[in-house]
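So the structure is just underneath, and the comments pick up after that.
What follows is calculated from the coordinates using simple rules that are stated; it is not laboratory data. Since we're looking at a predicted model, the values are computed, not measured. For neighbour counting, all protein chains shown are included, and Cβ atoms are generated from backbone atoms with ideal geometry for every residue, glycine included.
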Amino acid sequence: MPIRALVWGENVHERGNRVVAQIYPDGMHACIAAALNADPGLSATTATLQEPEHGLTEARLAETDVLIWWGHAAHGAVQDAVVERVCNAVWGGMGVIFLHSAHFSKPFKRLMGAPCNLTWREAGERERIWLTSRGHPIAAGLPDHFELENEEMYGEPFGVPEPMETVFVSWFQGGEVFRSGLTWRRGAGNVFYFRPGHETYPTYHDANVQRVICNAVKWAFSPAARIADPNAAPNVPVAAAPEPIVERGPRLHHDGEEGLR
Ligand code: ZN
C-alpha cells in the first residue's frame, strides 16, 4: 500500500496574484501532489485553508501518513483547534513536512517552541543547495549540490532548536547561508523542514526539489500504529508498580487519579 500524503496549501496567492497563478494555475498544493503521485510508492491528495476545518478533520488526519504544509499570507487565519489537532497527530506518529514560509506557520512554531525567525530578501537570487549528509534517505538520488536560478533569500540565524540532522545548507548569491533541510522528532512523529518554494518562482516544478519532497515523505512515514492519545499521563498505583513496594510518607493524589494539568 502506498504511503498516504496530504498536501495542505493555504491557496491564497495562487488566486489573488497573477504571477503566482501563471506558475501554479491549479495551486502550489496541486503541483506538489502531482509530483508525489508520479512516484508509485506514494499516494497524495490535497486540502486547503478555504475548506471546512481547513480540510484537516480528525478523520482526514487519521488516514494521513505524512502531512505537507505550505502557508505564507494567512498563517493567522488557521484555527487554533486545527493547529492543536495537527500537533496531536504528529505527536501520535504522523510525519510532517514544512515548506518554505511555513517556518512561521502556527503548527511549526508550536512543534518547535521557538521563534522560527530568519533573515530574508526577495531579489530573485541564485540558490545553491549543498548536501551535508551523504547517504541520508532524504538526499537519495541527488547530486552533491544543485541550483535554483531564482529564489527568495533566507539567511541565518534561523531561530529553531538544534535539529536532529542537517541534510542541506543553502548559499545565496548575495552571500548569506541557511540550513535549508532540517529534521526533528516530536513525540512519535518525524518532522522535516525544507526551505525552497517562494511562490513567485517555479521552484516546485524543479525535478530536484520534487525528489527531495518525495524522499522526505518516505523518510517521515512511520509504519507503527498511531498513538491514540499522545498527551496521556496515567497514574500508576502502588499495587501496579513493576516491582513490589511499600508506600511511605504522605501523598496528594489518589490511586488512578487523572492528575493536574
Ligand atoms: Zn517566500
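Span-like helix criteria (full DSSP H runs; alpha carbon extent of at least 18 Å along the helix axis; mean Kyte-Doolittle hydropathy of at least -0.5) are satisfied in the chain by 207-220. For segment 79-146, the convex hull drawn through the C-alpha positions has a volume of 135 cubic angstrom per residue.
What Kirkwood radius, in Å to one decimal, follows from the Cα pairs of segment 158-213?
Value: 12.7 Å, from the Cα pair sum.
Each principal axis of the Cα atoms in segment 1-154 has its own extent, and those three values, largest first, are 40, 36, 34 angstrom.
For segment 132-184, the C-alpha radius of gyration sits at 1.18 times the compact-globule guess of 2.2 N^0.38 Å, with N the residue count. If you look at the Cα atoms of segment 149-255, you get an Rg and a Dmax of 22.7, 69 Å. Take the convex hull of the alpha carbons in the chain; its mean projected area over all directions comes to 17.0 nm². A simple spin-label model places pseudo-atoms 7 Å from Cα toward Cβ; at MET164 and THR119 they are separated by 3.1 nm.
Dipole check for the chain: with +1 at the C-beta of Lys and Arg, -1 at the C-beta of Asp and Glu, and the Cα centre as origin, the magnitude is about 220 Debye.
A Cβ-based charge dipole, computed about the Cα centre of segment 80-132 with Lys and Arg at +1 and Asp and Glu at -1, lands at about 60 debye.
Only helices enter this figure: runs of n ≥ 4 DSSP H residues, each worth -39500 (n - 2.57), summed and divided by the residues of the chain, yield -6000 deg cm²/dmol at 222 nm to the nearest 500. Calculated FRET efficiency, ALA81 to VAL19, Cβ-Cβ distance, R0 = 30 Å: about 0.35 to the nearest 0.05.
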